Structures are given as structure tokens and as C-alpha cells.
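S.K.: Here's a structure for you.
What follows draws every value from the coordinates through simple rules; no lab data is involved. All values derive from a computational prediction rather than experimental measurement. In this analysis, Cβ positions are derived from the backbone assuming ideal geometry, glycine residues included, and neighbour counts consider all displayed protein chains.
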Amino acid sequence: MYVAFEKTPPSSLCAVSGEPGRSWIVPHAHRAVATARQEVRCALVEAGGVGEGAADDALLVVSELTTNSITHALPPVTLRVAVLDQECIRIEVVDSGAPPPGCRQAGQPTDEHGRGNAIVSTVASRTGELAQAGRVTRWAEVPLD
């Protein structure tokens, strides 16, 4: 059972019910990404059977996908995490806005942006994107150790 909070500080997440795994509404603020990682780490510990390497990879994916949504899309941003059949961790980030026209890639080693999708693709076994009714779901599956 998840508890929804009526008033949420800007960097706090709001847990929502009705989804498999855990779901949170992520405030549209970059400082909320650290809180998202903390919440996901706690959820993975509670789920059990998740090794440290898989948890670290999942947290990296959470960071990249939520940061991209906060930076490039419109609120609300919803983060969902579930351990599926003790085989993988599925991370989904849903936001409002159109899918980007193309993947941005870093051009120079000193570029500060443009590596997120490559990082997610490296640590995840599968990734994808689904656009429906003004909402975009970006997802990744990280294999368990």
C-alpha cells in the first residue's frame, strides 16, 4: 500500500498506488532526482534479491531518465520501478510532452550533456519509448545480478 501526501516539499516525491512495483510523482526540479534515487534504493532493498551491481545500474538509469524528463519535458513526471520475475528491474518514467526529434549525443569529450541515452543503453538489457495521448513513457530493464 502506498501513501499519497497532500502537501509535498519541492524535492520530495509523492508515492502513488495502483501500479505494480512502486510509483512516485517526481517534482519538476533537478534536486528531486537525488530523492528519486534514495526512494528507489529503499524499494529495491525491500523487494529483496537485488544485488548491489544491479541496484547501482538501476539507480543510474533512474538518474538519467528522470533528469531527461525534468530537463526536456513537461510535468507531471511519474517514476515507476518494479522487479519483474526475479529477472530484471524495470524502470519507467512517464512525462507530458512529445518525444524528442532525435537522440542528442555529446560531440566533444568536454560536453556536459548528450550521454544519457548511451549510458542507459549500456547498462540496460532493453530500452524503449512509447508515446500515447500526449504522454511519453521511456523505459529500461536492468538485469539482476
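S.K.: Taking the stretch 24-49 only, how many residues are in contact with a Ser or Thr (Cβ under 6 Å, 6 or more places away or on another chain), crowded, with 21+ Cβ neighbours inside 10 Å and outside any helix (DSSP H, G or I)?
M.R.: Residues meeting the conditions: 1.
S.K.: A further question follows. I need the full set of residues from the stretch 54-90 which are over 17 Å from GLY128 (Cα atoms), assigned to a helix (DSSP H, G or I) and polar (S, T, N, Q), in order please.
M.R.: THR71
S.K.: Which of the residues spanning the stretch 51-74 are out of contact with any Pro (no Cβ under 8 Å at 6 or more places or on another chain) and under 12 Å from HIS28 (Cβ atoms)?
M.R.: Residues satisfying the conditions are THR66, THR67, SER69, ILE70, THR71, ALA73, LEU74.
S.K.: Pairs needed: first member in the stretch 56-78, surrounded by fewer than 24 Cβ atoms within 10 Å (Cβ to Cβ); second member anywhere, in a helix (DSSP H, G or I) and of a type in the set (D, E, K, R); C-beta distance under 7 Å; at least 6 residues apart or different chains.
M.R.: Sorted first by the residue in the stretch 56-78, then by its partner, the pairs are LEU59/ARG37; LEU59/ARG41; SER63/ARG37.
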